[in-house]
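For reference, the structure is listed below as structure tokens.
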Amino acid sequence: MQEPFETAPVENRIVYVKAVDVIDLPSEVRDQAGDLDQLYAVHDSDGQQLALVADRKLAFKLARQNDYEAVAVH
């Protein structure tokens, strides 16, 4: 599960990675999640979701590939 996202201006290159329980997501997303209990959302500094991926490592890798610095949200 990977969705492309637009790049932010150069001065704002931080994204936030947050674990999301699949049960809290809309049914069409739950259907795509298979047997996963959690997914990882990548958000910009305004809180807009940029991507939703299957695991934490992938979320951080996606951020790096798009020249972002990822920060974990608890």
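Give me the pairs, please: first residue somewhere in region 33-53 and open to solvent by 10 Å² or more (accessible area, probe 1.4 Å), second residue anywhere and among the charged types (D, E, K, R) and assigned to a loop (DSSP other than H, G, I, E, B), beta-carbon distance under 6 Å, and either six or more positions apart or on two chains.
Note: pairs meeting the criteria are Leu50/Asp44.
Scan region 54-74 residue by residue and report those that are without any contact (Cβ under 8 Å) to a residue 40 or more places away in the chain, within 11 Å of the chain's Cα centre (by Cα) and in a loop (DSSP other than H, G, I, E, B).
Selection gives Asp55 alone.
Residues in region 1-26 that are modelled with pLDDT of 90 or more, surrounded by 15 or more Cβ atoms within 10 Å (Cβ to Cβ) and over 21 Å from Ser45 (Cβ atoms): how many?
2
All but one of (1) of a type outside the set (Phe, Trp, Tyr); (2) surrounded by 14 or more Cβ atoms within 10 Å (Cβ to Cβ); (3) modelled with pLDDT of 95 or more; (4) not in a strand (DSSP E or B) hold for Val29; which doesn't?
Against the list (1) of a type outside the set (Phe, Trp, Tyr); (2) surrounded by 14 or more Cβ atoms within 10 Å (Cβ to Cβ); (3) modelled with pLDDT of 95 or more; (4) not in a strand (DSSP E or B), Val29 comes up short only on (3).
The values are calculated or read from the model by the stated rules, or taken from the named source; none is laboratory data. This one's a predicted model, so the numbers in the text were calculated from it and none came from an experiment. Cβ atoms come from the backbone with ideal geometry, glycine included; neighbour counts cover every protein chain shown. For the accessible areas, the whole protein counts, side chains as well, though only heavy atoms, and no ligand, DNA or RNA atoms are used. Shrake-Rupley method; radii C 1.70, N 1.55, O 1.52, S 1.80 Å.
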